[in-house]
Amino acid sequence: MSNLTYEQALDGLMAGNKRFIDGNFSDKNRDIARRNELSQGQHPFAAVICCSDSRVCPEILFDQGLGDIFVIRVAGNIADDVVMGSLEYAIEHLHVPLVFVLGHSKCGAVTAAVDGGEMPGHIGCLTSKISPAVEKAKGMDGDHLYNCINMNVKIVVEELKEESHILAEFLEHEKVSVVAGVYDLETGIVKTID
Ligand SMILES: [Zn+2]
């Protein structure tokens with residue numbers, strides 16, 4: 001179990017993002033000693049749900065090492081039952097103090113949901129999960145795609161809180177906190193959103 005509070009966990013991620021932005025990478029927890037230590041068990045200090053996009057690697061953009069963060073990646077950073085099950089494992093068994101739901105600029109999955117139309121294969125399963133965010137963001141000021149990306153992250157956070165009883169219970173006892181954010185592909189900055 002990580003002994004960090006959720007504030008310390010969030011500070012840890014944001015400090016790592018700052019190092020990434022500056023190109024000042026840490027080599028912490030990336031050595032043989034760490035690998036050996038982790039063979040006895042994992043104690044990540046945060047769970048991150050983010051997109052599969054190859055440009056959005058949480059270990060890199062938060063500058064973290066082996067065993068530091070528990071990552072669940074799926075296109076469009078949506079929350080289905082499988083994602084929720086993975087998250088519940090991180091909360092219930094690994095006792096992560098922080099859950100970070102991370103969207104990103106220019107997300108292809110959100111763009112596909114905005115464009116609409118027929119999707120081949122199973123891609124429609126993804127876009128149909130994002131469509132409510134697209135509907136809700138209609139008529140908002142500013143860039144529509146950006147608003148949809150923000151809205152999608154917010155809706156995922158709400159879904160997690162409503163549908164995961166394990167998360168709800170841990171939230172109630174203040175054993176975990178959920179934070180939403182968006183990563184900017186150009187600047188490298190992760191911005192938290194309310
Ligand atoms: Zn994406």
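Side notes on the structure shown:
- The single condition from (1) in a helix (DSSP H, G or I); (2) under 13 Å from the mean Cα position of the chain (by Cα); (3) not aromatic (F, W, Y) that G124 fails is (2).
- Of the residues making up the range 98-121, those that are over 20 Å from L61 (Cβ atoms) and more than 16 Å from the ligand (Cβ to nearest atom) are G116, G117, E118, P120, G121.
- Close pairs (8 angstrom Cβ cut-off, 6 or more residues apart or separate chains): within 27 Å of F70 (Cα to Cα) in the range 102-128, of a type in the set (F, W, Y) and within 15 Å of the ligand (Cβ to nearest atom) anywhere: L102/Y183; G103/Y183; H104/Y183; S105/Y146; S105/Y183
- Taken over the range 100-117, the criterion of being touching a His at 6+ places or on another chain (Cβ under 8 Å) and at pLDDT below 95 is satisfied by no residue.
- Identity of the residue in the range 75-97, part of a helix (DSSP H, G or I) and charged (D, E, K, R), that ends up farthest from the ligand (Cβ to nearest atom): E92
The values are calculated or read from the model by the stated rules, or taken from the named source; none is laboratory data. Bear in mind that the values here come from a model prediction, so they are computed numbers and not experimental data. Here the Cβ is made from the backbone with ideal geometry for all residues, glycine too, and neighbour counts use every protein chain on show.
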